[in-house]
Amino acid sequence: MNDSIMNHSDCPEVVVPNPVFFTIGAVSFAENFLVVVAIIWNRKLHLPMYCFICSLAAFHTIASLTKTWENLMIVFANVGHLEKKGSSETTLDDVIDSLLCMSFLGSFFSILAIAVDRYITIFHALRYHNIMTMQRTGAVLGVIWTVCGGLAVLLIWFFHFKLIMIIFVMLFFICLVIICFLYVYMFMLARSHARKIAALAAGGRNNHQDQQRWGSNMRGALTVTILFGTLVVCWAPFFFHLVIIMMCPTNPYCECYRSLFQLHVVLLMSHALFDPAIYAFRIAELRHTLRKMLFCSDWKLCS
């Protein structure tokens, strides 16, 4: 930020202490790493939905480690142990930015995959195991990780072009619209299906079983909705910051919003902090597995 811009704004930059970043990074890493280990360890969780949740937690783990690494570099640079504009430091900074970008894209695509899985579970229950095989799940995860890694590298390498920044922001809004459309369509169909169940003869055993299965599936869909809402709340201020950079880089009012950048980064990092808490609170099997991992010294005796 140059001096001429600073002179047009009366809003000082809000600085977040480094211990806050380190604390969020450490806690979110521990939470997400536990989720990854729990899903890998418990064979009951070797199902498509949990594989996508594991992918989401893995992306969060990478983001937490990467952001902590970046903060360490900033601390070392401030005390003179690193050159802020050195060639190796610049290259390392590009790698960090690429990993963070990959983690963001991976979070979006993982949540989209979970939403699609919930849709198939609810509306194609009888064909679910034929549609969502573990082989297809592995293929989807391979595509997600490959595409997110490739896009992240391209976006960071060419981010100084305004067109790339526009594409990055548009990608956020396109994914947002797609997921919102999927949720609205899913819950509209859910409402229609619930009415059909209510119209069936009362007291039948099959009707009761259908209601139990439907309620379980809808709780899963609600969990995904909470995950998506958390992602939007945590990431929207950062993307609005990018929009402001493109639309009004020298406007003093825009500059006041840009002065909150570090708060936006804290909110962005908190996304990886909130998601594991949502898993543990909403998903009984995962909550049970985490409890056994944390409070049982011998896992075999706890099984």
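The values are calculated or read from the model by the stated rules, or taken from the named source; none is laboratory data. Since we're looking at a predicted model, the values are computed, not measured. Every residue, glycine among them, receives a Cβ derived from its backbone with ideal geometry; neighbour counts consider all protein chains shown. Keep in mind that these areas ignore ligands, DNA and RNA; they rest on the heavy atoms of the full protein, side chains included. Shrake-Rupley method; radii C 1.70, N 1.55, O 1.52, S 1.80 Å.
Summary of computed values
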quantity: Projected label distance in nm at residue 87 and residue 262, using a 7 Å step from Cα toward the beta-carbon; calculated: 3.2
quantity: Point-to-point label distance, residue 11-residue 123, nm (Cα→Cβ direction, 7 Å offset); calculated: 4.2
quantity: In order through the range 238-248: 3J(HN,Hα) via Karplus (6.51 cos²θ - 1.76 cosθ + 1.60), integer Hz, x for Gly, Pro; calculated: 5, 6, 5, 4, 5, 4, 5, 4, 6, 8, 8
quantity: Residues of the range 103-120 with amide N under 19 Å of a point placed 7 Å along Cα→Cβ from residue 158; calculated: 105
quantity: Point-to-point label distance, residue 185-residue 173, nm (Cα→Cβ direction, 7 Å offset); calculated: 2.1
quantity: Two-site FRET efficiency, residue 147 against residue 248, from Cβ-Cβ distance with R₀ of 45 Å, rounded to 0.05; calculated: 0.90
quantity: Solvent-accessible surface ranking, highest first, for 137, 225 at 1.4 angstrom; calculated: 225, 137
quantity: Sequence ranges 177-185, 283-291, 27-35, ranked by mean other-Cβ count within 10 angstrom, highest first; calculated: 27-35, 283-291, 177-185
quantity: Listed peptides 262-270, 158-166 by packing density, highest first (mean Cβ within 10 Å); calculated: 262-270, 158-166
